[in-house]
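This report concerns only the one structure given below.
Every read-out reported here was derived from the displayed coordinates using simple, explicitly stated rules and does not represent laboratory data. Since we're looking at a predicted model, the values are computed, not measured. Neighbour counts run over all protein chains shown; Cβ positions are idealised from the backbone, glycine included.
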Amino acid sequence: MKANDVRSLLDEELIDKVSQLRRELFNLRFQRSTGQLANTARFGSARRDLARVLTVMHERGMDEHS
């Protein structure tokens, strides 16, 4: 996900995206700990995507728990 894509999302979509990415990171961490993670690169990209979304939310003055 590119920064321009994140910036084009509405506030509600950003909130949904944060919860989706956090859920995905949880699942990836679980898979990594059990040795079932096939695509290890996805873990890093999911973390960066979450950081991008949180950065845009911060720039807009949104609380991440909104």
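General remarks:
- Taking each DSSP H run with n ≥ 4 as -39500 (n - 2.57) and averaging over every residue of the chain yields -24000 deg cm²/dmol at 222 nm.
- Dipole of the chain, positive direction: furthest Cα of ALA46, HIS58, PHE30, with charges on the beta-carbon: PHE30
- Counting every alpha-carbon pair across segment 1-44, the share separated by more than 14 Å comes to 58%.
- The phi-based Karplus calculation (6.51 cos²θ - 1.76 cosθ + 1.60; θ = phi - 60°) puts the 3J(HN,Hα) values of segment 21-28 at 5, 5, 5, 5, 5, 4, 5, 5 Hz, whole numbers, x for Gly and Pro.
- Relative contact order [Cα under 8 Å, 6+ residues apart], the chain, whole percent: 44
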